[in-house]
Amino acid sequence: MPMLWIIRDLRFPFNSNSGLRLSYFLLLFLCVSASLRGTSPAKSPPNVLFIAIDDLNCWAIDKNQYPRVQTPNIDRLRERGVTFTNAHCAVPACNPSRTALLTGVSPFVSGVYMNKQDWRECKNLADVVTLPEFFQNSGYKTMGGGKIYHAHSLSTEAHTGFIDAEPWDEYFPSKDQQMPLEVDPPVMPENGNPKFYGGHMDWSALDITDDEMADGKVVSWAEEQLTSEHDKPLFLAVGIYRPHVPWYNPKKWFELYPLEQVALPHVEEKDLDDTPEAGQKMARRHWQQWMIENDQWQKFVRAYLASVSFADAMVGRLLDALDNGPHAKNTVIVLWSDHGYHLGHKEHWEKFALWEQATRVPLIFAAPGIGGGDSTNRPASLLDIYPTLVDLTQGSPPSHLNGKSLAPWIENPKAPFKTPVITTHGSGNHAIRSERWRYIRYSDGTEELYDHSSDPHEFTNLAATPEHVAVIKEHRHWLPRSEVKADPPLTSQKKKG
């Protein structure tokens, strides 16, 4: 296999059904021939830089959604890679989304649906080879820092979260704690409602530097790894916590967004009137009401934007360290977020819903020889990251993976596709996202349908219109045929997230 990497700087071969097999074997022949002649040294398998960003919505890759967001570093990553503009999470919640990505198993197959379920106790995942474990077994040095598994800063013990320490050669700050402690203002909440997350749904412009932030400490550690030589190929996972709440950031990031210039999300009055009761129950309308009544909506949007730009700066530091280090020409980068984020869209806040704003995520792949500012609107799932990284590093994919490799669309963004994306939020509740449509079916059988070619904000539910019967039937076909019960059972879980 090492002989394949002779041509890795020119183009990555794919072991997929993308119509590239002829080219693959031709390149393989040339590599073998060159090796026999002694004309080129073999290259080692590529490193992997795995960047996870918490609660980053689609604004970072779709300026049509919010033109004023400033993400110059994510923009430059897009310029050197391929962006999946129609990518979605498997679950719009931190823990089950990350569990699905890291195990490659859909929630309705594993039974991990909610934040409070400790995936490490899931019987259906007991024998699954996780993504870091796959790379460790493949001879990689596995290093991680920050929030990769579920964790949060709403309590001291929650910084540890549901980390699996075994497949990591090193973890920062330690294998017993995923995240460094945060810097908080003297009084909490400073601006939020004390009833929302115990006051942690809050914002504050702090008089501190980036390096004093927990994310700054994680990225400083990661910079050291990217600028150092290693005796094995490197799998480096970096979890950036912002823009997760509380939105406590250095004041300079707030200053990027003068309050009077902060535009509110595009909303429509009585948007939920045509939404089934099951959908309406998911919306945190009382949060939205409080934001309006207390003149906080614009301020919270500003705080989210400040957090996004801070996170973007962390991405920039990682890219600079990679580019200035010894691994610049042999590293695959993937950047993703665990789910989208509502900021008043559809009278809702945060994630925990099946609408576009909650499920759509940034997803970018970059490496020498692939991409170069390309993008594709083909549907992609975070479940696809695991098999894609296996493909890009020429590994043999485990048989349990539920996602597909995105290598064909990295090679050709216009390649045909057949499979839409499934997002699940609790047993029986699913969204099916194709290139044009979003279809939602709740556990009580009620439905929503949105046409993204004419209604990108999902204002008009078309599920009851006779002319869309065929579209609904087509999308129903993709609903899961069966679903396992919550595993571990929700009733047995302690309050963990």
Probe of 1.4 angstrom, ligands and nucleic acids ignored: what's the accessible area per residue over segment 398-454, in square angstrom?
39 Å²
The ³J(HN,Hα) series, computed from each phi in segment 136-152 with the Karplus coefficients 6.51, -1.76 and 1.60 at θ = phi - 60°, rounded to the nearest Hz and given as x for glycine or proline, is 4, 5, 8, x, 8, 8, 9, 9, x, x, x, 7, 10, 8, 5, 6, 7
At a threshold of 8 angstrom on Cα-Cα distance, excluding pairs fewer than six apart, so keeping six or more, what relative contact order does segment 46-101 reach in percent?
22 percent
Compute the helix-to-body angle for 21-37: its Cα long axis versus the longest principal axis of the chain, expressed 0 to 90° and rounded to tens.
40 degrees
Could you pull out every residue, at least 5 positions away or on a different chain, whose amide H is within less than 5 Å of the one on VAL48? Hs are placed 1.01 Å off N in the peptide plane, and Pro or chain starts have none.
LEU234, PHE235, LEU236, VAL332
For segment 359-459, just say rounded, prolate or oblate: build the C-alpha gyration tensor, square-root its eigenvalues into a ≥ b ≥ c, call rounded for a/c under 1.5, and beyond that prolate if a/b exceeds b/c, oblate if not.
oblate
Hey, what's the Kirkwood Rh for segment 340-402 if you take every pair of different alpha carbons, in angstrom?
14.3 Å
For segment 280-421, the percent of accessible surface on carbon and sulfur atoms (probe 1.4 angstrom, ligands and nucleic acids excluded) is 45 percent
Selection from HIS342, VAL245, LEU383 lying farthest towards where the dipole of the chain points positive, charges on Cβ
LEU383
Once a ≥ b ≥ c are taken as the square roots of the eigenvalues of the Cα gyration tensor of segment 301-419, is the result rounded (a/c under 1.5), prolate (a/b larger than b/c) or oblate (a/b not larger than b/c)?
oblate
Between the helical axis of 297-323 and the dominant principal axis of the chain, each derived from Cα atoms, what acute angle in degrees is found, rounded to the nearest 10?
10 degrees
When only C-alpha pairs under 8 Å and at least 6 residues apart count, what is the relative contact order of segment 132-257, in percent?
30 percent
Taking every Cα atom in segment 127-168, find the radius of gyration and the maximum pairwise distance Dmax, and write them in Å.
11.9, 36
Under the rule of at least 5 residues apart or a separate chain, name every residue whose amide H is placed under 5 Å from the amide H of ASN249.
SER204, LEU206
Degrees separating the helix 94-103 axis from the principal Cα axis of the chain, which is the longest one:
20 degrees
What does the C-alpha gyration tensor say about the overall shape of segment 402-497? Classify as rounded when a/c is under 1.5, otherwise prolate if a/b is larger than b/c, or oblate.
oblate
Spelling out what I want: for every residue of segment 432-437, take phi, set θ = phi - 60°, compute 6.51 cos²θ - 1.76 cosθ + 1.60 (Karplus), and round to whole Hz; glycine and proline get x.
10, 10, 9, 5, 10, 10
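Across the chain, how large is the tail of the calculated P(r) beyond 42 Å, expressed as a percent of all Cα pairs?
Tail of P(r) above 42 Å: 14 percent of Cα pairs.
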Over the chain, relative contact order from alpha-carbon pairs under 8 Å, at least 6 apart, %
26 percent
Filter LYS175/LYS329; LYS63/LYS116; LYS63/LYS346 down to the pairs with a C-alpha to C-alpha distance above 22 Å, please.
LYS175/LYS329; LYS63/LYS116
Short version: ³J(HN,Hα) in whole Hz for each residue of segment 329-346, in order, from phi by Karplus 6.51 cos²θ - 1.76 cosθ + 1.60 (θ = phi - 60°), x for Gly and Pro, what are they?
9, 8, 9, 8, 10, 10, 10, 8, 10, 6, 5, x, 7, 8, 10, x, 4, 6
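Can you compute the charge dipole magnitude of segment 52-104 about its Cα centre, using +1 on each Lys and Arg Cβ and -1 on each Asp and Glu Cβ, nothing else charged? Give it in debye, rounded to the nearest 20.
Here the size comes out at about 120 debye.
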Compute the whole-percent fraction of alpha carbon pairs in segment 90-142 spaced more than 19 Å apart.
26 percent
Please give the peptides 314-322, 392-400 ranked by average Cβ packing (other Cβ atoms within 10 Å per residue), highest first, as a rough proxy for protection.
314-322, 392-400
Reciprocal mean inverse distance between Cα atoms of segment 174-313 - Kirkwood radius, Å:
17.4 Å
Where the Cα pairs of segment 44-92 fall when distances are cut into 10 Å bins, in %:
19, 53, 23, 5, 0
Please state the charge dipole magnitude for the chain, taken about the Cα centre, from unit charges on C-beta atoms (+1 on K and R, -1 on D and E), reported in debye and rounded to the nearest 20.
1360 debye
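The values are calculated or read from the model by the stated rules, or taken from the named source; none is laboratory data. Not measured: the values here are computed from a predicted model. Glycine also receives a Cβ, built like all others from the backbone with ideal geometry; neighbour counts cover every protein chain displayed. SASA here: full protein model, heavy atoms, side chains in, ligands and nucleic acids out. Shrake-Rupley method; radii C 1.70, N 1.55, O 1.52, S 1.80 Å.
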